[in-house]
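Working notes, beginning with the structure itself.
Bear in mind that the values in this text are calculations on the coordinates, not laboratory data. Since the model is a prediction, treat every value here as computed from it, not as a measurement. A quick note on method: Cβ atoms are made from the backbone with ideal geometry, for glycine too, and the neighbour counts reach across all protein chains shown.
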């Protein structure tokens, strides 16, 4: 239980002027360095993301959850931060895109909870201009600027010029240009499990992070404005809809089969927690290993991932394909999100143009393209209200099936992704955040509703 009006956990939001400045690399280096110093570190990711949290979990040794004022909700974010502050010595929040990009933005989150910002700048092609950039980031909002971490610094002299330009803002740390950087692909970083020597890379980053202990000592005096009464109220508010459903446990006694392997791994930890709170038993299986849908499954969840990178293997996974077709014929509820939907089309054309046969549950053809096809926060209308989430994909689907409904883009209100209903199948490029509407989630995994 919190016993003071403030929680004295040093907390910063690691942000930048734009994507590509090194936020994830710096946050991972900082998390690994602090962990090796004996600190208990908790890391959050601002905005919807699946891949960065995997790397940050590897760096910190603790699960990484999402903070987003719209998708997750203010009070649920507040409750998560309050809980983390009770358990951790340090809280790091990695921002999304540029500090002020999006609605809500990383800056909105920082101001909402009184979290100071740690600005990451790519100093590789600048020196004194760094000060102008950082002061602009601070004053535009404004935000509380805790300090700066300069990435790709060439020398101690270069670091000194950057530090002098910052004036009243401390240079918290520097990181030199990396000979071996974290590899990326079209949806972001390559998965940590696919990178040889990932822990060695993280340790090297931590070793090379030139850390200002005095600046860290000053940071320790910052306090997260999440007092005991407020935190308790926030936790209660966030739990109310879950508790009502947990008492009824609408999925009690139901087994949900969930695809999880290198082709299907884009899963919010909170989604799995919600299914368990609703009473479901979860069983994981691997379509890539040609595992069939587990016997006795009452529903199937096919999350997103990288089926396009494993299309050949999926094309020859005949037991998996027949089992999902049989589940669909039997009326088993199936939720297929993004990559999960791609694997259920008739064919999938990969980035090289090779066409592979998929499970053919959903009529149509999927093709990868170089241009981004969908990105952003969206909400899916359901009989139980809006289910919030996001979309991010580089493929397109051509199908004769008419959408049953379309998601709504946030905040514009424009039409978003098509949602297809075909018998017991619900399929879309939309990734749902289950805690935003547990009742809608329970209905999707219920046979009568499907």
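Values as computed for the structure displayed
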| quantity | calculated |
| --- | --- |
| All-pairs alpha carbon distance profile, the range 345-450, 10 Å steps from 0, percent | 14, 42, 33, 10, 0 |
| Fraction of antiparallel bridges per DSSP, the chain only, in percent to nearest 5 | 45 percent |
| Neighbour-count order for 320, 356, fewest beta carbons within 10 angstrom listed first | 356, 320 |
| Among beta bridges that DSSP assigns inside the range 249-444, antiparallel share in %, nearest 5 | 60 percent |
| Candidates 31, 359, 373, ranked by Gaussian network fluctuation over the chain, Cα under 10 Å, top entry | 373 |
| Cα-only radius of gyration and Dmax that characterise the range 303-384, units Å | 13.7, 42 |
| Separation of the residue 39 and residue 386 label points, Cα + 7 Å toward Cβ, nm | 3.6 nm |
| As computed over the chain, the Cα convex hull volume per residue (Å³) | 143 Å³ |
| Compactness of the range 254-373 as Cα Rg over 2.2 N^0.38 Å, two decimals | 1.02 |
| Spatial separation of Cα centroids for the range 249-284 and the range 334-377, in angstrom | 23 Å |
| Fewest-first sequence of 429, 268 by Cβ atoms within 10 Å of each Cβ | 268, 429 |
| The chain: most fluctuating residue of 337, 57, 273 per GNM, C-alpha cutoff 10 Å | 273 |
| Average projection area in nm² (convex hull over Cα atoms of the range 3-159, one quarter of hull surface) | 9.4 nm² |
| Selected from 173, 343, 127 as most flexible by GNM, with the chain as the system and alpha-carbon contacts under 10 Å | 127 |
| Relative contact order %, the chain, counting alpha carbon pairs below 8 Å whose residues are six or more apart | 14 percent |
| Three semi-axes of the equivalent ellipsoid, the range 80-185, Cα gyration tensor, whole Å, largest first | 25, 17, 14 |
| Sorted by Cβ neighbour density within 10 Å, fewest at the top, the residues 448, 395 | 448, 395 |
| Contact order relative to length of the range 240-337, as percent, for alpha carbon pairs under 8 angstrom and 6 or more apart | 32 percent |
